[in-house]
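Trainee: Could you have a look at this structure, given as structure tokens, before my questions?
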Amino acid sequence: MAERTPIVLASANPKKAAEIVEILGSHLELVPRPPEVPDVVEDDDTFEGNSRLKAVALVEATGLAAVADDSGLEVDALDGAPGVWSARYAGEGASDQDNVDKLLAALADRPDPADRTARFRAVVVLRYPDGSEVVAAGAVEGHIAEAPRGPGGFGYDPVFIPVDGDGRTFGEMSQDEKHAISHRGRALRSLLAQLDHRTA
């Protein structure tokens with residue numbers, strides 16, 4: 001791939017940034033987000049919009065291309081919540097455990113997996129200094145477990161059981177197993193495919 005110009009990682013979430021590096025790092029020349037760049041206010045009501053806000057802010061701050069993603073969990077029984085509010089579901093500054101606890105409480109009266117269907121979505125925006133961009137999306141269907149399982153991943157991973165898996169939560173999978181079917185893995189591979197097409 002000809003895409004060897006430096007690309008800044010826009011994510012301020014170290015676990016999310018690590019996943020992006022694991023999937024893209026051998027294909028693109030990724031550089032860390034400068035620590036002096038302030039957090040970006042993610043106030044759009046779509047994953048794509050929030051991802052673009054972050055990418056644009058890092059392009060403006062660094063003068064380099066930037067890649068950002070925004071992702072979240074949509075639970076059908078909760079009318080798509082927490083959605084773009086996934087990281088702040090239990091309030092500003094909420095921990096992963098706070099968010100998971102609130103989610104499980106909201107579904108406590110729905111023990112049937114058929115009533116706990118959900119999906120993870122991710123949208124990735126690669127923005128260039130000239131204003132051009134590449135946008136890619138990924139999703140994975142599943143349902144919410146009744147209790148957290150597994151030490152891996154982050155966010156809602158310990159309570160999300162993907163349809164494409166073997167009954168384990170993302171929290172019970174290795175990173176490679178998760179990346180193979182995850183929303184972020186699918187979005188990032190779609191991004192790479194589009195870049196290959198652009199440079200072919």
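Trainee: Just give me the residues in the range 160-200 being under 14 Å from G142 (Cβ atoms), surrounded by fewer than 20 Cβ atoms within 10 Å (Cβ to Cβ) and in contact with a helix residue (DSSP H, G or I) (Cβ under 7 Å, 6 or more places away or on another chain), in sequence order.
Mentor: D164, G165
Trainee: (1) at pLDDT below 95; (2) within 18 Å of G131 (Cβ to Cβ): which one isn't true of G63, the others all being true?
Mentor: (1)
Trainee: For A137, state whether it is more than 27 Å from S51 (Cα to Cα) and either in contact with a strand residue (DSSP E or B) (Cβ under 9 Å, 6 or more places away or on another chain) or not hydroxyl-bearing (S, T, Y) (or both).
Mentor: No.
Trainee: Sticking with this structure for a sec: Does G80 qualify as being within 19 Å of H183 (Cβ to Cβ), surrounded by fewer than 16 Cβ atoms within 10 Å (Cβ to Cβ) and either touching a Phe, Trp or Tyr at 6+ places or on another chain (Cβ under 7 Å) or of a type in the set (G, A, S) (or both)?
Mentor: In short, yes.
Trainee: For V140, work out the one condition from (1) exposed (fewer than 13 other Cβ atoms within 10 Å of the Cβ); (2) in contact with a Pro (Cβ under 7 Å, 6 or more places away or on another chain) it doesn't fulfil.
Mentor: Against the list (1) exposed (fewer than 13 other Cβ atoms within 10 Å of the Cβ); (2) in contact with a Pro (Cβ under 7 Å, 6 or more places away or on another chain), V140 comes up short only on (1).
Trainee: Right, another one. Would you call V31 closer than 24 Å to A139 by Cα, surrounded by 12 or more Cβ atoms within 10 Å (Cβ to Cβ), at pLDDT 90 or above and of a type outside the set (G, A, S)?
Mentor: no
Trainee: Touching a strand residue (DSSP E or B) at 6+ places or on another chain (Cβ under 8 Å), at pLDDT 95 or above and of a type outside the set (A, V, I, L, M): is that true of P162 in this structure?
Mentor: Yes, satisfied.
The values are calculated or read from the model by the stated rules, or taken from the named source; none is laboratory data. No experiment lies behind these values; they were computed from the predicted model shown. Using ideal geometry, Cβ is built from the backbone for each residue, glycine included, and neighbour counts are taken over all protein chains shown.
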